[in-house]
1. Within the accessible area of the chain, what % is carbon and sulfur when the probe is 1.4 Å and the other protein chains stay in place?
2. Would you mind working out the accessible area per residue for the chain, using a 1.4 Å probe, and quoting it in Å²?
3. How high is the relative contact order of the chain, in percent, counting Cα pairs under 8 Å that sit 6 or more residues apart?
4. Calculate, in nm to one decimal, what ASN14 and SER50 gain on full extension: separation in residues at 0.36 nm each, minus their alpha carbon distance.
5. Can you run the Rg to Rh ratio on the range 1-57? Use alpha carbon positions and the Kirkwood inverse-distance Rh.
6. What ranking of PHE34, PHE29 comes out by heavy-atom accessible area, probe 1.4 Å, highest first?
7. Leaving ligands and nucleic acids out of the surface, order SER48, SER54 by accessible area at 1.4 Å, largest first.
8. Using the Karplus curve 6.51 cos²θ - 1.76 cosθ + 1.60 with θ = phi - 60°, what ³J(HN,Hα) values do you get for each residue of the range 55-63, in whole Hz, with x for Gly and Pro?
Amino acid sequence: MGRSTRCVGRSLYNHLKQKNIDVQVEYTFVKESFSWSGTMTVYGNSYSASNCSSKTTVIDTLMDQANSHIQQQLSIKH
């Protein structure tokens, strides 16, 4: 089954993992502010998020930043 342009956020992240596309995500808990930070590298580009309330928020923020670049790299099925 293919993917459409509506596939964004965690759904797109899961799609990349299912297709064995190299996505590197690292999380860091910041004790001083009780928040999460993270970085993601996909298709050679790096993205970062900081001061997030949870790991889920980190991945959502990272995928929002990377969405247009990822969509350009994938062939889009309408």
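The values are calculated or read from the model by the stated rules, or taken from the named source; none is laboratory data. Computed from a predicted model, the values in this text were never measured in an experiment. Heads up: the accessible areas ignore ligands, DNA and RNA and are worked out on the full protein's heavy atoms, side chains in. Shrake-Rupley method; radii C 1.70, N 1.55, O 1.52, S 1.80 Å.
1. Carbon and sulfur together cover 46 percent of it.
2. 66
3. So the answer I get is 32 percent.
4. 10.8 nm
5. Checking Rg against Rh, the ratio lands at 1.04.
6. In descending accessible area the options line up as PHE34, PHE29.
7. Descending order: SER48, SER54.
8. Working through the residues one at a time gives 4, 4, 5, 4, 5, 4, 5, 4, 5 Hz.
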